[in-house]
Every structure is written in structure tokens, then in C-alpha cells.
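Take a look at the structure set out below.
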Amino acid sequence: MFSFELLKKSSKSNARLGVINTTHGKIETPIFMPVGTGATVKTMIAEELEAIGAQIILGNTYHLYLRPGHELIKKAGGLHKFMNWHKPILTDSGGFQVFSLNNLNKITDNGVTFRSHLDGSKHYFDPKKSMEVQMALGSDIAMAFDECAPYGADYDYTKLALERTTSWAKESLASHQHEYQALFGIVQGGMFKDLRKRSAEELIPLDFPGYAIGGLSVGEPPELMLEMQEFTAPLLPENKPRYVMGVGTPDYLINGVKAGIDMFDCVLPTRLGRNGGVLSHRGYFSIRRAEFFDDFTPLDHDCDCYVCKNYSRSYIRHLIKSNEITGFRLLTWHNVYFLLKLMENIRKSLREDNFESFSNDFLNKYYDKVF
């Protein structure tokens, strides 16, 4: 049910154009996946996401396991039916959230005991449990259970996390049985190139249908993140999708595509939208700023989304300052559209063999920051 076709490669960088086929439809790559943590991309409904070009969304295993529970979602017919989304879905393994609980978890070579951030109840996750939950959710792409070592972890601990990740990848494969769900492996290794190389070398023989680069964009300096991404991507199979987890700023997306990455996700557009933040061709800005009080122009003069065609900065600022839900909804709509449109334009530039000039022009304007 799952396949990836590499359609074209740039002659001037590692950028690639491809298509992923799943039971719930095709995904043109490179692609950005909006994050629907709790079975919703916050403030937006499925029909709106489809209308603005979303091809695939991401659901969070940890959050859905805790609330409403994977058994309920399975009873509803799976996550697609539960949330009325008919295109592909990717679910993460739950590992990142579990490990980020810090004082609420206990990690062993077998799995993780943790307490819910909702009510303090005690739970246990291991590869088998992660597969059980993701199979019940019925996503098109599931992720192997892994350990994401925190930024700043020393070499020895990062090596231990890598070894667990490899062991858990094998256990995930052994536990995963689903007729149409593809299981991706996750490369770890922190900020150490030799560990990244070792992780890739240990996972590739397991023949996952796709591979993610985990443990990036977790607090490290941007230049280090880009260095690790550029080093790791070419280590992964050319004939399978490559996915960088948790990356979503426009410049990171472009640099990721240059490195040969096909898939991205991030909470950035929705989180910014809930906090008055705007993504634009001239960079990020806050709509709360006083200068926008009587600015009746669109959020982004170069954007053709529904919000920019119909609402002004002044009006949206008023909504945000008044704590009106409509304001957060309009900003989220624009921000998600902005990233989806960027990826559409990247794919167009790859088809037309002008990706490098497109990306240079975009980044020059983006860093200009004249709003």
C-alpha cells in the first residue's frame, strides 16, 4: 500500500522532488505536515485544511493515548474517521513527549515509565505499546519507538540512547502488523557525527520504508542543526522518504530541502497563531505591535490566502488584543497556508529547474524584515 517514487533531483544541490503513495492518497514531496496533536490542527477543521492544500497531517501518539484513548479512536473506526480527515496521517511514536517529561519519567533499556501530565497517573511505554497505540489509531505512517537524547547530553549518554533506539527499532518492527500502515525508523545520535553515522548504518539494514532524522531542533544553535542535517541526510537511502522531525521555520524548510529532506512537521504555525505571531515573506512579526493599530493592509502583501484577501492587520490586531478566538483562528489559517504554499512553490521550482534561484530570492526577502 506504501511506495515512494523519486521523480527528480536538483543538479545544484541535494534537493529532490518525489511522491509518496498511501492508502489515503498521494503526498507530493517536499512536504510540510501541519501538526494535529490531539486529533485537530488547532482552530481549523478538516475541510479547511484540505482547501488550503494540506496533503498530510500529524497526530501525536502520547496525547491521543492519554486523551481520549486509542481504544476509543479504534472503536470510532480509526483516527481518519474520528476527526473526519480523509487524506494521509502520520503519527509519531510518543517517545519525544515521554522523554521530555524529565522528572515524570524513568527510562530503562526496556521502555519508559512515566506519569501523565494531565492527572499524574502512571503509565508505561515500550516499542510494543507504541505500536499497539499507533496501529489502533490507523495512521498511514507510524514511527518506531526511539529515545531522543536532550541537547547537551554528553557522548556516553547519547551513545546509550542510540543503542536503545536501535534495539527498540527492531522491537517495533517485530510488533508492527498492519495491512496498510508504513513504519519509519528514526536516526538518532545527537550532535555527534560518528553516532549519527552509526545510527544510520544500524537502521538501514532493517529496511524501513522511510527514515526520519530525530533529535534536531531541540535547543541547539541553528548552525549546528543545519550541520547535522546536511551530514545525516546523504547517509539515508535515496529511494526512500527522508523526514526531519520538528522543523518548520521557512528558512529551515528551504535549507532542509537543499539537504535532501522530503518531509517536515512543526507546531510553529499554529503556536505562533495562538500567540499573535505572523509568518510572512518578510520574516516573522507580532501583530500585537502598536504600529499595526491603524494598518488596513493585509498581513502579508505577497500572500494570496483567504485571510490576506479579506482581513486587515488592524482588524486582526484588534481581535488578538481583545483575546477573541477568531483572531487566533485567522492567524493560524494564514500561517499554515503560508508554509503549505511555500512548499508548493518549492516543488514547482524543482520541476522547473530553478530551485536555487527561487530559494535565494525567497531568503533574501525573508531576512529583509520590512513588514
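Which members of segment 92-135 meet the condition of being assigned to a helix (DSSP H, G or I), open to solvent by 10 Å² or more (accessible area, probe 1.4 Å) and either at pLDDT 90 or above or among the hydrophobic types (A, V, I, L, M, F, W, C) (or both)? Walk me through it before giving the result.
So the first thing to find is which residues in segment 92-135 are assigned to a helix (DSSP H, G or I), and the list is 95-99, 102-104, 127-135.
With the extra rule that they be open to solvent by 10 Å² or more (accessible area, probe 1.4 Å), the set shrinks to 96-97, 99, 102-104, 128-129, 132, 135.
Within segment 92-135, Phe96, Phe99, Leu104, Lys128, Lys129, Glu132, Met135 qualify.
Sort through Tyr252, Tyr315, Tyr337 and tell me the only one that's surrounded by fewer than 20 Cβ atoms within 10 Å (Cβ to Cβ) and either of a type outside the set (A, V, I, L, M) or touching an Asp or Glu at 6+ places or on another chain (Cβ under 8 Å) (or both).
Of the residues listed, the single one that is surrounded by fewer than 20 Cβ atoms within 10 Å (Cβ to Cβ) and either of a type outside the set (A, V, I, L, M) or touching an Asp or Glu at 6+ places or on another chain (Cβ under 8 Å) (or both) is Tyr315.
Just need a number here: residues in segment 138-166 that are of a type in the set (Ser, Thr, Tyr), touching a strand residue (DSSP E or B) at 6+ places or on another chain (Cβ under 8 Å) and either part of a loop (DSSP other than H, G, I, E, B) or without any contact (Cβ under 8 Å) to a residue 24 or more places away in the chain (or both).
1
Does segment 206-221 contain any residue that is open to solvent by 60 Å² or more (accessible area, probe 1.4 Å), part of a helix (DSSP H, G or I) and within 19 Å of Glu171 (Cβ to Cβ)?
No; the residues of segment 206-221 include none that is open to solvent by 60 Å² or more (accessible area, probe 1.4 Å), part of a helix (DSSP H, G or I) and within 19 Å of Glu171 (Cβ to Cβ).
Can you give me the number of residues within segment 281-312 that are open to solvent by 40 Å² or more (accessible area, probe 1.4 Å) and small (Gly, Ala, Ser)?
1
Among the helices (runs of 4 or more DSSP H) contained in segment 259-371, which hold 2 or more residues that are free of Cβ contacts under 8 Å to residues at least 60 places away in the same chain?
In segment 259-371, the matching helices (runs of 4 or more DSSP H) lie at 306-310, 313-321, 325-351, 355-366.
Cβ contacts < 6 Å: first residue within 17 Å of Ile254 (Cβ to Cβ), restricted to segment 219-241; second residue assigned to a helix (DSSP H, G or I) and not small (Gly, Ala, Ser), any location; separation 6+ or different chain. Result?
Leu226/Asn255
Name the residue that is surrounded by the fewest Cβ atoms within 10 Å (Cβ to Cβ), counting only residues in segment 340-366 that are among the aliphatic types (A, V, I, L, M) and over 20 Å from the mean Cα position of the chain (by Cα).
Filtering segment 340-366 for residues among the aliphatic types (A, V, I, L, M) gives 340, 342-343, 346, 350, 363.
In the following step, the residues that additionally are over 20 Å from the mean Cα position of the chain (by Cα) were identified as 350, 363.
On the way: Leu350: 23, Leu363: 14.
It comes out as Leu363.
Does Thr40 qualify as being closer than 30 Å to Glu324 by Cα and touching a helix residue (DSSP H, G or I) at 6+ places or on another chain (Cβ under 7 Å)?
The answer is yes for Thr40.
Could you pull out every one of the helices (runs of 4 or more DSSP H) wholly within segment 1-85 that has 3 or more residues that are crowded, with 18+ Cβ neighbours inside 10 Å?
In segment 1-85, 61-66, 79-83 are the helices (runs of 4 or more DSSP H) which contain 3 or more residues that are crowded, with 18+ Cβ neighbours inside 10 Å.
Considering only residues of segment 144-170 that are of a type in the set (D, E, K, R) and farther than 18 Å from Lys128 by Cα, which is farthest from the chain's Cα centre (by Cα)?
That would be Asp156.
Residue check: is Tyr252 out of contact with any strand residue (DSSP E or B) (no Cβ under 6 Å at 6 or more places or on another chain) and under 22 Å from Leu90 (Cβ atoms)?
yes
Scan segment 75-94 for residues that are free of Cβ contacts under 8 Å to residues at least 60 places away in the same chain, hydrophobic (A, V, I, L, M, F, W, C) and in contact with a Ser or Thr (Cβ under 9 Å, 6 or more places away or on another chain) and jot them down.
Within segment 75-94, Met83 is the sole residue that qualifies.
The values are calculated or read from the model by the stated rules, or taken from the named source; none is laboratory data. Note that this is a predicted model, so its numbers are computed, not measured. When we count neighbours, we look across all protein chains shown, and the Cβ atoms used for this are built from the backbone with ideal geometry, even at glycine. For the accessible areas, the whole protein counts, side chains as well, though only heavy atoms, and no ligand, DNA or RNA atoms are used. Shrake-Rupley method; radii C 1.70, N 1.55, O 1.52, S 1.80 Å.
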